Amino acid sequence: MAELSVTVNGMPLPLDGVAPSVSLLDALRAQGLTGAKEGCAEGECGACSVLVARPAADGGSQWVAVNACLPPALSYAGQEIVTAEGLGSPGDLHPVQAELAHRGGSQCGYCTPGFVCSMAAEYYRPDRAGLEGTEASGVGNDHQDHHNHHDRHDDGPNGFDEHALSGNLCRCTGYRPIMDAAHALGRPAADDPFAARRAQAAPEPVPAHVSVAGYEYVRPETLAEALDLLAAHPDAVPVAGSTDLGVVTNLAMYRPQMLVAIDRLPELRTLRATDERIEIGAAVTLSEAESWLAGRVPLLDALFPQFASRLIRNAATFGGNLGTASPIGDGAPALLALDATLTLASTEGTREVALSDYFTGYRQTVRRPGELIATISVPVAQPGMVAFHKIAKRRYDDISSVAVAYAIDIEGGVVTRARIGLGGVAATPLRALATEAALTGSAWTEAEVDRVAEVLAGEGTPLGDHRASEAYRRAMLGTSLRKLYAEHAPATTGAAR
Amino acid sequence: MTVVDDRPATEVGSPRRRKEDARLIVGRTRWTDNLTLPGMLHLAMVRSPYAHARITSVDADAARQAPNVVAVLTGEDVKDIQGGLPCAWPITPDQKAPTHPSIAVDRVAFAGEIVAVVIARSPGEARDAAELVDVEYDELPAALELKAAAADQTLAHPDLGTNTSAVWTFDSGAAGTGGDVEAAISAARDGGIVIEREYRQQRLIPAFMEPRSFVCDPTGEQLTIWSSTQVPHFVRIFTAAVLGIPESKIRVIAPDVGGGFGGKLQFTPEEVITVLAARHTGKPCKYTETRSESLVSAHHGRDQWQKLTLAATADGHVTGLKVELLADMGAYLGLVTPGVPILGAFMFNAIYTFPAYHFTCRNVFTNKTWTDAYRGAGRPEATYAIERLMDELAVEVGVDPLEIRERNWIRHEQFPFTSVCGLEYDSGNYEAATARAKELFGYDDLRAEQARRRASNDPVQLGIGVSTFTEMCGLAPSRVLGSLSYAAGGWEAASVRMLPTGKVEVVTGTSPHGQGHETAWSQIVADRLGVPFEDVEVLHGDTQVAHKGLDTYGSRSLVVGAEAVIRAADKVIEKARVVAAHLLEASVEDIDFANGSFTVRGTDSAQAMAEVVWAAFSAHNLPDGFEPNLDSEATFDPVSFSFPHGTHLCAMEVDTETGQTTMRKYVAVDDIGTIVNPLIVHGQVHGGIVQGVAQALWEEAVYDDAGTLVSGSLVDYTIPSSADTISLTVDQTTSPSTTNTLGTKGVGEAGAIASTPAVVNAIVDAVRHLGVNDIRMPCTPERVWTAIRGASGSGGPSTAAAASHLGAGAPNHDPDSGAATQGGAQ
């Protein structure tokens, strides 16, 4: 069957003739599925959230909430979507919907279906820690130990990770009733069809080559095929989670002639740990990476909860984050501190580039036309002391004024090795090289840290803008190091974080 | 009557789950943007990028040639038929205002003003073609900064000759409601206390979640307009007035509306343009704004400078308050723009027995988005100013901020109390609310912790903020509105229709957009008529159904709108009583009505309401001359405002090294009179508090030096997310209002009015020992840090070289800090 379609609430929704610039949200709304809405068109508000069945580590599937306003509808061809309308009906509310109603979680109701989908994804998360006394049926209990790093998150009494709602905005309720509903959720019932669905594999996106009014959308099957396309079409744009492309498509009317979907290329979806290095495929979503790493790279574990929102992390990738080379992305500072290496692939072959050599200017990198980031790797050996400091106005889902990532080793009270990655202080993410040098060999004492903090405050060339002044950014750099010291004063140095 | 055992004794007071929820939560309901009509056309607006410019030419030829474009309308095309947008509140006879075209004709006065509209067969094609409209501008100097604009340094509208729209004054001495404030200040300068402060109310954006959407269907005898509005009745009247269409030929429907907060209390250019487009093409037309359009063109709120002088005796008894405001109107006067500061004029004296008071406000034009009502409208500004000042007075006197308030507030035995503004507060008990709040807060323990942290020089300091607010809401007695030169009244209408099967239809002139009227009105009517909650259907938001009404804003719906419902229901009972007496062969005077049943006093003869309704419907056996109809209407004009009050206590932790603030605890004890539905009330209070907290901590509409809105997306206009809010403790004390049947008071705005000063007072309290006595809102980490460093006492604006949201080369832009395309657009 040549026709492209996406399964929505159990029914096929044809995608033939849908242009690459049409978002999944617009395709759903055109079919009368108007529960998901366009609140901002840039992945901030979550009013567009829907559920998608994605592969789970156990070979089954998991329900993942994503922003529907950002990805091309075509990128979901072959996949399986559930919307708020599909979860329940007015006469037969889904447990998440029933809790929201019961706790007063909806006022104007505009954002609510989006919250429903984000909450439902968390409701069905197999490794959500349960509470005794809830209707826990044992489903997923066997995963609890493996994922106990979730305890670090803001978990509710029923294991509900509050980060699940970090990408949904509500202007009416003040959130308390929504959180009450989230914390009141029990376990899915034994006959819950969406819970049962998790036992089956998630459908893979189908390869496609669509041309609508001169605009092409291609989902190749292999990396080689993708690289050939990129070599043959210099203007082709590779797309993974579309969390950046979707914004410029929606708001700046950006219409590339060819989109090449790389988010499911097997070669870009590796997750591998050798004796030497931990390797993350460029098209692995941040949520997938977080789950697979399970805390074994502590600096990334510190990064993830502060990185955009859960909805974004469910689509965004390290490859995309480094590909756009934003100076204020939060991924690069952490990876710089971890001495990350990139593997770049093209039709010419592959090459390795240290991330510290990768950025060359504002949104400029050594990546050549036709070249893709294939993998990101970091050493297995982890630094003794790590931290990710993000200075921003809001706690989550905000843009950093300054981001500082630390990876420091201390032996016998002396810093033996320091890697510090910075964001928001220059046209590129950068290593705080002068600070690293000043710190290395210094005693880990308050006096020495005070001295080095002045060096750190002088790193980079931060600009003042409406988010923060230059003076504040600089001051926060120095303050950040003093804070790190306060948290890791000698008495506690060496203790695992 | 079916007897249902598990029902509450009364519906009023019961936390009924909302009737509205199922359809909203499942996502199967009617928002304006969901509507699709046969042959529907779609609009895209061409907006000015300049704050102030002369339009020298508009070339729409390329757009007209674009695929599936049906028409392009420019200001020149519609200048003779578009009329001017209305301002319903000329606060002074000599108020100055520019004409306000829906589509600018020869000059634009703010960035975002509409200069042309493209009408096409799909929204995408309309937007693409809008990019092709070539407008040439001659840029003019723009009036941007409020104080400079007030000094007429640059004129927002050169033809007016000044930026001052109006100056409005209230003086208690002149009004005979109090003493002379100048005398009080002079006296206080000699041995008393005079506190002089200047506070800034930053510009805010209502930022309702549903972007505005309008549909106009011109096919049919009546023009039908669907609008995501708070005020369908206003839209009907003003569509008639502005476009010269008979009101009887217009039907306006507000279907489900996704929040408003005052931001949809407006008659907008976009509504006029949608109607013009539909009439021009003869086809249904739809316009749905994008988020960035919403943030730049839906009206903004607040934006004042407040110069304040408080006089007090040495022991902290306030003797006078003088308020001098500059209020930024923005570029035009919207529906109630000039009146917003006036709604605050009578509230600076708040809960206190001030003997002398003077208020003056200068309304000033700038070349920015026009301002208008935003949750609280005038009263948050007043409450902020006085509650900040009372904390300052407490410091001067050297007593606890709650103590200074107690020395000045109206004691509960003084009610009803006539304020220095001449308003009569009907009821209240500030002592009770404060005592309860202190208890829930653990006030003394937190003060002790604060002292410990100060003593140990903890980098994270703790502050406690107090806000003992009141407000005037329940807009409004029509005569008072008339005395303030407002064009309309403040009554509300309702009708109650008894269906033959025993079901009840309640038609309300209020127009909910999240407040749960369908549920609350059902509870009230179920009690009143003794019918099951489920049997009551509440109809609203369609001028063909609810033909009469003044809509929803100003915390008026329950205290004014529901009172009309009650009175209509009571009229039904009185009519039914006549029928019941006839059926029971008794005298009308001997018929009692309770629990849905008419009884003959002293007997067990009874007729259920349903039986009486059927009798009236069948009309087989009615008293002679009795019109076979129990349906009733009522219109209620309140005799007074509603005066809810409360004590809000907030504890904030301030990291003195980074300026970052964290809310530790928040307790709100409100007195909102009788509560109809605690679930809904808690929701209103919670949501209101968080909006007020957002003003204190996060939100600000920032313009750059060219007059471009920098915070023009939800990335930069940072409304709070769930992670930014804590679990608030909310409780009530109750002093029933004496001015309506149930004893209710308004609640929709209370939280937003109360919370802002509580938060800022807490932050200032946390760092006052470091020499800080003010931090300008929003208290961002940088402003707090700067205040602590003493670089500037008030933080100051942090705008500099702001780049547009999507501008090429904007070095600090990254929409989600986590992009995932490789290469992407750049």
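Ranked by the mean number of other Cβ atoms within 10 Å of their residues, highest first, the peptides B:96-105, B:765-774 fall in the order B:96-105, B:765-774. Take the Cβ atoms of A:VAL414 and A:ARG277, set R0 to 30 Å, and the FRET efficiency comes out at 0.65. A Stokes-Einstein calculation at 10 °C with viscosity 1.306 mPa s, built on the Kirkwood radius of chain A over Cα pairs, returns a diffusion coefficient of 67 µm²/s. When +1 charges are put on Lys and Arg Cβ atoms and -1 charges on Asp and Glu Cβ atoms, the dipole computed for chain A relative to its Cα centre reaches about 980 debye. Probing with 1.4 Å while keeping every protein chain in the model, the per residue accessible area of the stretch B:1-81 equals 51 Å². Ranking B:ALA166, B:PRO218, B:GLY192 by Cα position along the charge dipole of the stretch B:126-227, where only Lys, Arg, Asp and Glu carry charges on their C-beta atoms, puts B:GLY192 farthest toward the positive end.
Checked against a 22 Å cut-off, the cross-linked pairs B:LYS249/B:LYS571; B:LYS19/B:LYS286; A:LYS37/B:LYS264; A:LYS390/B:LYS368; A:LYS393/B:LYS307; B:LYS249/B:LYS286 give Cα-Cα distances beyond that limit for B:LYS249/B:LYS571; B:LYS19/B:LYS286; A:LYS390/B:LYS368; A:LYS393/B:LYS307. The mean count of C-beta atoms from other chains within 10 Å of the C-beta of residues in A:40-48, rounded to a whole number, is 6.
Taken about its Cα centre, chain B carries a charge dipole of roughly 280 debye when the Cβ of each Lys and Arg holds +1 and the Cβ of each Asp and Glu holds -1. The accessible-area ordering, largest first, of the residues B:LYS745, B:LYS368, B:LYS249 stands as B:LYS249, B:LYS368, B:LYS745, per a 1.4 angstrom probe.
The share of accessible area on the protein assembly as shown that comes from carbon and sulfur is 50 percent, using a 1.4 angstrom probe. Note on the stretch B:96-206: Cα-only Rg and Dmax are 23.1, 74 Å. Ellipticity at 222 nm from helices only: DSSP H runs of n ≥ 4 in the protein assembly as shown, each -39500 (n - 2.57), divided by the residue count, give -8000 deg cm²/dmol. For chain A, relative contact order (Cα pairs under 8 Å, six or more residues apart, normalised by length) works out to 12 percent.
The calculated pair-distance distribution of the stretch A:358-420 uses every alpha carbon pair, bins of 10 angstrom beginning at 0, and gives 16, 29, 37, 17, 1 percent. Mean separation of Cα pairs under 8 Å and 6 or more residues apart, divided by the residue count, gives the stretch A:388-497 a relative contact order of 22 percent. The convex hull drawn around the Cα atoms of the stretch A:388-497, when projected onto a plane and averaged over every direction, covers 6.7 nm². Note on B:209-220: average number of Cβ atoms from other chains within 10 Å of each residue's Cβ is 3. Of the residues B:VAL536, A:LEU33, B:VAL480, the one whose Cα sits farthest towards the positive end of the charge dipole of the protein assembly as shown is B:VAL480 (charges of +1 on Lys and Arg Cβ, -1 on Asp and Glu Cβ, taken about the Cα centre). Restricting the calculation to Cα atoms, every distinct pair contributes to the Kirkwood radius of the protein assembly as shown, found to be 32.4 Å. The calculated FRET efficiency for the pair B:ALA487 and B:PHE415, based on their C-beta separation and a Förster distance of 41 Å, comes to about 0.80. Across all Cα pairs in the stretch B:491-636, the calculated P(r) in 10 Å bins from zero up to the longest distance comes to 13, 42, 30, 13, 2 percent per bin. The alpha-carbon atoms of the stretch A:5-199 define a convex hull whose volume equals 120 cubic angstrom per residue.
Hydrodynamic radius of chain B by the Kirkwood approach over all distinct alpha-carbon pairs: 28.2 Å.
Only Cα pairs under 8 Å and 6+ residues apart enter the sum, and on that basis the relative contact order of the stretch B:491-636 stands at 31 percent.
Take each residue in B:287-295, count the other chain C-beta atoms within 10 Å of its C-beta, and the mean is 3.
Peptides A:269-281, A:107-119, A:304-316, B:711-723 ranked from most to least packed, by the mean per-residue count of other Cβ atoms within 10 Å: A:107-119, A:304-316, B:711-723, A:269-281. A Cβ-based charge dipole, computed about the Cα centre of the stretch A:209-263 with Lys and Arg at +1 and Asp and Glu at -1, lands at about 200 debye. For the pair A:THR350 and A:ASP58, label points projected 7 Å from Cα toward Cβ lie 3.2 nm apart.
FRET efficiency for the B:GLU403 to A:THR445 pair, using the beta carbon distance and R₀ = 51 Å, is estimated at 0.65. Straightening the chain between B:ARG30 and B:ASP134 buys 33.8 nm, computed as 0.36 nm per residue apart minus the Cα-Cα spacing.
For the peptides A:426-437, A:341-352, A:254-265, residues were scored by their other Cβ atoms within 10 Å and the scores averaged per peptide; the highest-first order is A:254-265, A:426-437, A:341-352.
Scattering from the stretch A:209-263 was approximated by placing one identical point on each alpha carbon and applying the Debye formula without solvent; log10 I(q)/I(0) at 0.14, 0.25, 0.26 1/Å stands at -0.35, -1.04, -1.10.
The values are calculated or read from the model by the stated rules, or taken from the named source; none is laboratory data. Keep in mind that this is a model prediction, so the values were computed, not measured. Cβ sites come from the backbone with ideal geometry, for glycine too, and all protein chains shown count toward neighbours. Surface areas here come from the heavy atoms of the whole protein model, side chains and all, with no ligands, DNA or RNA. Shrake-Rupley method; radii C 1.70, N 1.55, O 1.52, S 1.80 Å.
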